[in-house]
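Trainee: Provided herewith is a single structure, encoded as structure tokens, for subsequent inquiry.
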Amino acid sequence: MELSERWIKRFEDEGYSSIYELQDAPGTIHEERIHNGKVSLFVTDSSITVDFSGEKKEVKAGQRLDVPADTPYSIIVGPQGWIGIVGEE
């Protein structure tokens, strides 16, 4: 089973209602957003930087980041682009 398939299955097992693969070009910016439920990001390729209102966290290939419900955040895609699996409650 491929890495992305394993993480899709894992997020399904954790009960996420929306699970999808996302791929973006280098430097793509996802403007600040807030979700009512928890969001989990698993990076399969390259990296992203998640900005929690000024506190930045780099997430590299093979790493997972959980964003708590009602937490504002934005994402900046790394210099090589990225591919990741997203789970949303």
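The values are calculated or read from the model by the stated rules, or taken from the named source; none is laboratory data. Since this is a predicted model, take the numbers as computed values, not measurements. No Cβ is skipped: glycine too gets one built from the backbone with ideal geometry, and neighbour counts run over all protein chains shown.
Trainee: Quick one: Ser53 ticks every box in (1) modelled with pLDDT under 95; (2) within 15 Å of Glu88 (Cα to Cα); (3) of a type in the set (S, T, N, Q) except a single one, so which number is it?
Mentor: (2)
Trainee: If His30 meets every condition in (1) within 20 Å of Leu3 (Cα to Cα); (2) not in a loop (DSSP other than H, G, I, E, B); (3) not hydrophobic (A, V, I, L, M, F, W, C) apart from one, which number is that one?
Mentor: (1)
Trainee: Report whether or not Ser40 is free of Cβ contacts under 8 Å to residues at least 60 places away in the same chain and either under 21 Å from Glu2 (Cβ atoms) or among the basic types (Lys, Arg) (or both).
Mentor: Against the criterion (free of Cβ contacts under 8 Å to residues at least 60 places away in the same chain and either under 21 Å from Glu2 (Cβ atoms) or among the basic types (Lys, Arg) (or both)), Ser40 qualifies.
Trainee: Check the stretch 57-77 and report whether any residue there is in contact (Cβ under 8 Å) with a residue 60 or more places away in the chain and acidic (Asp, Glu).
Mentor: So far as the stretch 57-77 goes, no, none of its residues is in contact (Cβ under 8 Å) with a residue 60 or more places away in the chain and acidic (Asp, Glu).
Trainee: Condition (residue is surrounded by 14 or more Cβ atoms within 10 Å (Cβ to Cβ) and small (Gly, Ala, Ser)) applied to the stretch 42-59: is it met by at least one residue?
Mentor: Yes, that holds for at least one residue.
Trainee: Could I ask something else about it? Go through the stretch 61-76 and report how many residues are among the charged types (D, E, K, R) and either surrounded by 13 or more Cβ atoms within 10 Å (Cβ to Cβ) or more than 12 Å from the chain's Cα centre (by Cα) (or both).
Mentor: 2
Trainee: Going by the conditions given, is Ser40 at pLDDT 95 or above, out of contact with any His (no Cβ under 8 Å at 6 or more places or on another chain) and more than 12 Å from Trp82 (Cα to Cα)?
Mentor: Spelling it out, Ser40 is indeed at pLDDT 95 or above, out of contact with any His (no Cβ under 8 Å at 6 or more places or on another chain) and more than 12 Å from Trp82 (Cα to Cα).
Trainee: Name the residue that is nearest to the chain's Cα centre (by Cα), counting only residues in the stretch 1-27 that are part of a loop (DSSP other than H, G, I, E, B) and among the hydrophobic types (A, V, I, L, M, F, W, C).
Mentor: Across the stretch 1-27, the extreme among qualifying residues is Ala25.
Trainee: Filter the stretch 1-26 down to the residues that are more than 15 Å from Arg64 (Cα to Cα) and of a type in the set (S, T, N, Q), then identify the one that is surrounded by the fewest Cβ atoms within 10 Å (Cβ to Cβ).
Mentor: If we take residues in the stretch 1-26 being more than 15 Å from Arg64 (Cα to Cα) and of a type in the set (S, T, N, Q), then Ser17 is surrounded by the fewest Cβ atoms within 10 Å (Cβ to Cβ).
Trainee: Which ones in the stretch 36-89 are out of contact with any strand residue (DSSP E or B) (no Cβ under 9 Å at 6 or more places or on another chain), among the acidic types (Asp, Glu) and not in a strand (DSSP E or B)?
Mentor: The answer is Asp70, and nothing else.
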